[in-house]
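Each remark here refers to the structure printed beneath this line.
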Amino acid sequence: MFAPVYLDWNATTPLDPLVRAAMLPWLDSRFGNASSRHEYGRQARSAIDEARARVAAAVGAHATEVIFTSCGSEANNLFIKGAAALMKPGLLAISAIEHPCVREPAKQLRRGGWALREIAVDAAGRIAGDDWKAVLDARPTLVSVMLANNETGVLQDIAALADDAKTAGAWFHSDAVQALGKIPVDFRTLGVHAMTLSAHKIGGPLGAGALVIDKRIELAPLIAGGGQERGLRSGTENVAAIVGFGVACERATARLEDEARRLAGLRDRLEAGLVASGMRIFSVEAPRLPNTTFFAADGFDGETLVAKLDRAGFACASGSACSSANPEPSHTLLAMGVERDVARGAVRVSLGRDTSMADVEGFLAAFERLTNELNKLTAMAVQS
Ligand code: PLP
């Protein structure tokens with residue numbers, strides 16, 4: 001199979017070979033329902049317990065604080081809907097740049113009588129201090145702000161925001177899906193009540209996520225049944241995926257520092273090349289993930305560029321992969337005040353453990369060739 005250079009690591013990642021090796025027995029000879037009271041069940045239970053300890057250790061949490069889910073989207077839904085279900089309707093505040101799996105459940109709560117407020121971001125994509133103060137004055141009950149944005153890579157000062165929210169009496173949740181494995185993520189240092197993780201963004205399998213949650217917070221489950229995961233997520237556990245998630249967490253955090261430095265070097269070279277081609281890089285003023293570049297140029301269409309890059313052998317994204325069926329420009333860029341025409345040209349390149357300098361140089365050469373071609377076509381169309 002023709003394999004384009006993969007530059008879309010924020011969308012998903014290939015399975016880490018050691019993760020695969022740890023999972024394989026659980027897709028083959030080892031099996032068991034972790035609730036069964038026999039040897040097969042006990043072995044499955046102990047594999048899950050081991051994975052839970054690994055996930056907890058990766059984020060400085062206690063194993064009892066980790067609730068396994070099927071994905072990050074489910075964990076975000078579990079916190080927002082599960083917390084709201086046990087409260088009387090109040091004010092839910094989310095940042096204006098959240099992933100759809102926070103925005104959509106938030107809209108569902110609004111239909112159920114909750115007030116919903118989006119916290120504004122500044123031109124760099126960071127929470128706007130004045131709007132945050134106004135939100136706190138409005139006495140929110142629940143707040144959700146992502147640690148790292150999937151499109152721009154912008155990091156928020158979650159520890160400070162969580163501290164403010166707690167003082168105001170709110171429960172604070174953070175979606176840490178894009179941060180895990182790219183920057184240090186520590187549940188206690190962040191000081192949040194709950195945070196969301198996902199396995200497939202860090203070399204783990206699809207089909208596993210987690211909500212890390214302070215045990216004092218009560219939630220209503222989205223899926224009721226046999227009472228697995230402390231009654232918060234019924235359903236027979238996906239042992240292979242959970243085992244893979246545990247090993248992926250261990251691997252991603254063990255090599256984090258060196259890998260972050262290496263990726264930042266590649267990212268800087270990529271951005272220098274893009275700027276030389278006249279591209280505008282979003283959020284350079286803000287602290288960002290080391291692997292993510294979101295850029296655009298006036299007059300280009302992001303979807304067209306991504307399709308042409310794909311044909312040239314480079315897989316990247318226009319806006320967020322999860323919303324690429326949606327022709328609307330990135331809501332993150334619009335929230336940052338970027339003009340619609342510029343936002344329509346946005347392309348995201350996200351790097352990962354297999355990305356090399358040769359990949360970056362190859363991408364830049366292909367990109368320059370393609371944009372020159374497009375410029376020539378535009379010039380011809382104007383003349384004719
Ligand atoms: N949150 C963020 C910031 C994401 O980027 C994604 C996936 O792209 C998710 C949540 C959803 O995670 P999952 O794909 O595991 O449902």
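The values are calculated or read from the model by the stated rules, or taken from the named source; none is laboratory data. Just so you know, these numbers come straight off a predicted model, no measurement behind them. So basically every Cβ, Gly included, is an ideal-geometry build from the backbone, and we count neighbours across all protein chains shown. Note: areas computed on protein heavy atoms with side chains; ligands, DNA, RNA excluded. Shrake-Rupley method; radii C 1.70, N 1.55, O 1.52, S 1.80 Å.
Looking only at the stretch 173-204, which residues are closer than 14 Å to Leu78 by Cα and more than 16 Å from the ligand (Cβ to nearest atom)?
We begin by selecting, within the stretch 173-204, every residue closer than 14 Å to Leu78 by Cα; these are 173-175, 193-198.
Matches in the stretch 173-204: His193 only.
Conditions first: (1) of a type in the set (A, V, I, L, M); (2) open to solvent by less than 20 Å² (accessible area, probe 1.4 Å); (3) closer than 23 Å to Asp359 by Cα. Ile183 passes all but one, so which condition is the exception?
Against the list (1) of a type in the set (A, V, I, L, M); (2) open to solvent by less than 20 Å² (accessible area, probe 1.4 Å); (3) closer than 23 Å to Asp359 by Cα, Ile183 comes up short only on (2).
Quick one: would you say Tyr40 is of a type outside the set (S, T, N, Q) and either touching a Leu at 6+ places or on another chain (Cβ under 7 Å) or more than 18 Å from Val243 (Cα to Cα) (or both)?
no
Restricting the stretch 141-160 to residues that are farther than 21 Å from Gly319 by Cβ and surrounded by fewer than 23 Cβ atoms within 10 Å (Cβ to Cβ), which is farthest from the ligand (Cβ to nearest atom)?
That would be Thr141.
Taking the stretch 2-11 as the region of interest, how many residues are touching a residue at least 40 places away in the same chain (Cβ under 8 Å), out of contact with any Asp or Glu (no Cβ under 6 Å at 6 or more places or on another chain) and either aliphatic (A, V, I, L, M) or crowded, with 19+ Cβ neighbours inside 10 Å (or both)?
Qualifying residue count for the region: 6.
How about the stretch 357-384: which of its residues are within 34 Å of the chain's Cα centre (by Cα) and β-branched (Val, Ile, Thr)?
Val360, Thr371
Output the residues belonging to the stretch 99-110 that are more than 14 Å from the ligand (Cβ to nearest atom), hydrophobic (A, V, I, L, M, F, W, C) and over 15 Å from Thr141 (Cβ atoms). Give the derivation first.
So the first thing to find is which residues in the stretch 99-110 are more than 14 Å from the ligand (Cβ to nearest atom), and the list is 107-110.
Then keep just the ones that are hydrophobic (A, V, I, L, M, F, W, C); that gives 109.
Within the stretch 99-110, no residue meets the criteria.
Restricting to the stretch 296-354, give me the number of residues that are open to solvent by less than 50 Å² (accessible area, probe 1.4 Å), on the phi > 0 side of the Ramachandran plot and at pLDDT 95 or above.
1
Got a sec? Which of Glu285, Glu218, Glu303 is among the acidic types (Asp, Glu) and over 18 Å from Thr332 (Cβ atoms)?
Glu218
Suppose we filter Ala83, Ala96, Ala75, Ala57 for residues that are away from the ligand (no atom under 16 Å from the Cβ), modelled with pLDDT of 95 or more and open to solvent by less than 40 Å² (accessible area, probe 1.4 Å); which single one remains?
It is Ala83.
Would the stretch 116-132 turn up any residue that is at pLDDT 95 or above, farther than 21 Å from Leu333 by Cα and not polar (S, T, N, Q)?
No.
Please go through the stretch 39-81 and pick out each residue that is in a helix (DSSP H, G or I) and of a type in the set (Phe, Trp, Tyr).
Tyr40, Phe79
Somewhere in the stretch 256-277, is a residue more than 22 Å from the chain's Cα centre (by Cα), touching a residue at least 40 places away in the same chain (Cβ under 8 Å) and surrounded by 18 or more Cβ atoms within 10 Å (Cβ to Cβ)? So that I can check it myself, show each step before the final result.
Taking the stretch 256-277 first, the residues more than 22 Å from the chain's Cα centre (by Cα) are 269, 272-277.
Next cut, touching a residue at least 40 places away in the same chain (Cβ under 8 Å) only: 269, 273-274, 277.
Then drop every residue that is not surrounded by 18 or more Cβ atoms within 10 Å (Cβ to Cβ), which leaves 274.
For the stretch 256-277, residues more than 22 Å from the chain's Cα centre (by Cα), touching a residue at least 40 places away in the same chain (Cβ under 8 Å) and surrounded by 18 or more Cβ atoms within 10 Å (Cβ to Cβ): present.
Can you tell me which residue among Ser283, Ser234 is free of Cβ contacts under 8 Å to residues at least 40 places away in the same chain, out of contact with any helix residue (DSSP H, G or I) (no Cβ under 6 Å at 6 or more places or on another chain) and part of a loop (DSSP other than H, G, I, E, B)?
Answer to the check: Ser234.
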